[in-house]
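Structure first, commentary second.
The values are calculated or read from the model by the stated rules, or taken from the named source; none is laboratory data. Remember, predicted model here, so these are calculated numbers, not experimental data. Counting neighbours? That spans all protein chains shown, and the Cβs are built from the backbone with ideal geometry, glycine included.
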Amino acid sequence: MYKILYICLLLVISSISPLTLGEDHSSKIVLVTGFEAFASYTVNPSALVAEALDGSMIDDNKIVGVVLPVDFNESSSIAIKEINRINPYMVISLGLSPKAKSIEIEVFAYNLEWDPFSDKPLYSFKPVIPSAPFVEKTNIDVLSTYSKIKENGIPTSISLSPGFYVCNSLFYNLLWYKEDNNLSIKVAFIHLPMIDDEFTVDDLIESASIAIEDNS
C-alpha cells in the first residue's frame, strides 16, 4: 500500500516542471512602492496609490503595495527586503513631483544624490553607489506605457530626469540591485502630480494599473 502511494506521489511530482513552479511563485507578484508625506506636503499621492493597490489583482498579478519613508538609505533597504521576501517579477515605484502637470514616466536613474533640506545643500552631493555607472535605464516599455496611459485621457509625459532626491536614489538603487544580482525583474519609476482639479486619486491609480497591465 505504501509503495503504491509512494509511486503515485513520484508521478505527480515528476509531472510538474521546475519552470512551472518558478513561474507560479514569481510571475504573479508586482511590488508597488510609494512614499510617505514629506516637507510641507501633508499628503503624498504615491502612498495613496500604493495603499489602494495593495492586495488587489491586476491581470492575474497580485499587487503588494508598500509605503516607504522619505530617507535615502531606509527607502532602498526596505524595498530590497520586500523584493527578497516576495520575489516579484516587476517593481513599479511611485513618487511625488509637486510641480508636475502630467504622469511622468522616468527613463533614467542617475548615480548622484543631494539633500535640498540639509544645512549645506550644495555640499550634500554624492554618489548613490560609489564606483557604479553614472546612469541606469528602466527596462519597461516606456513608449508603450506612455501611449496606453495617454489613450485613457490622462496627461502623460516621458521624463529623462527624476531629480537627485530620494526618488532618484531609490530608482537607481533598485536598478543597480537588479543588475548586480543578475535579476530578471522589471523596474520602473513613475512620478505623480499633486491631487487637484485635474488629477484625482482614481486617475493616479488607473495610471499605475495601466503601467502594470502594459508590462505584464
I'd like to know if region 133-156 contains one or more residues that are outside any loop (DSSP other than H, G, I, E, B), in contact with a Phe, Trp or Tyr (Cβ under 6 Å, 6 or more places away or on another chain) and within 23 Å of residue 54 (Cα to Cα). no
Output the qualifying pairs, or none if there are none: Cβ atoms under 6 angstrom, residues six or more apart or on different chains, first residue in region 177-188 and closer than 18 Å to residue 142 by Cβ and in contact (Cβ under 8 Å) with a residue 40 or more places away in the chain, second residue in a helix (DSSP H, G or I) and hydrophobic (A, V, I, L, M, F, W, C). 187/174; 187/175
Within region 123-132, count every residue that is closer than 12 Å to residue 164 by Cα and either in contact with a Gly (Cβ under 9 Å, 6 or more places away or on another chain) or not in a loop (DSSP other than H, G, I, E, B) (or both). 1
Restrict the check to region 176-193 and report whether at least one residue is at pLDDT 95 or above, aliphatic (A, V, I, L, M) and over 30 Å from residue 131 (Cα atoms). yes
When (1) touching a Phe, Trp or Tyr at 6+ places or on another chain (Cβ under 8 Å); (2) surrounded by 14 or more Cβ atoms within 10 Å (Cβ to Cβ) are applied to residue 121, the one that fails is (2)
Mind listing whichever residues of region 160-176 are under 23 Å from residue 117 (Cα atoms) and assigned to a helix (DSSP H, G or I)? 166, 167, 168, 169, 170, 171, 172, 173
Considering 107, 201, 187, which residue is touching a helix residue (DSSP H, G or I) at 6+ places or on another chain (Cβ under 7 Å), over 22 Å from residue 52 (Cα atoms) and among the aliphatic types (A, V, I, L, M)? 107
Verdict on residue 44 being surrounded by 15 or more Cβ atoms within 10 Å (Cβ to Cβ) and out of contact with any Gly (no Cβ under 8 Å at 6 or more places or on another chain): no
For the list (1) part of a loop (DSSP other than H, G, I, E, B); (2) on the phi < 0 side of the Ramachandran plot, I need the number of the one condition that residue 182 fails. (2)
With the condition kept exactly as written, say whether any residue in region 135-150 is surrounded by 21 or more Cβ atoms within 10 Å (Cβ to Cβ), more than 18 Å from residue 87 (Cα to Cα), of a type in the set (Asp, Glu) and at pLDDT 95 or above. yes
Taking only region 63-81 into account, find how many residues are outside any helix (DSSP H, G or I) and closer than 13 Å to residue 31 by Cβ. 6
Within region 130-137, identify whether any single residue is under 16 Å from the mean Cα position of the chain (by Cα) and in contact (Cβ under 8 Å) with a residue 40 or more places away in the chain, and answer yes or no. yes
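Residues checked against (1) among the small types (Gly, Ala, Ser); (2) part of a loop (DSSP other than H, G, I, E, B); (3) surrounded by fewer than 17 Cβ atoms within 10 Å (Cβ to Cβ):
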| residue | (1), (2), (3) |
| --- | --- |
| 178 | no, no, no |
| 187 | no, no, no |
| 202 | no, no, yes |
| 209 | yes, no, no |
Residues (of a type in the set (A, V, I, L, M), touching a strand residue (DSSP E or B) at 6+ places or on another chain (Cβ under 6 Å) and part of a helix (DSSP H, G or I)) located in region 82-115: 86
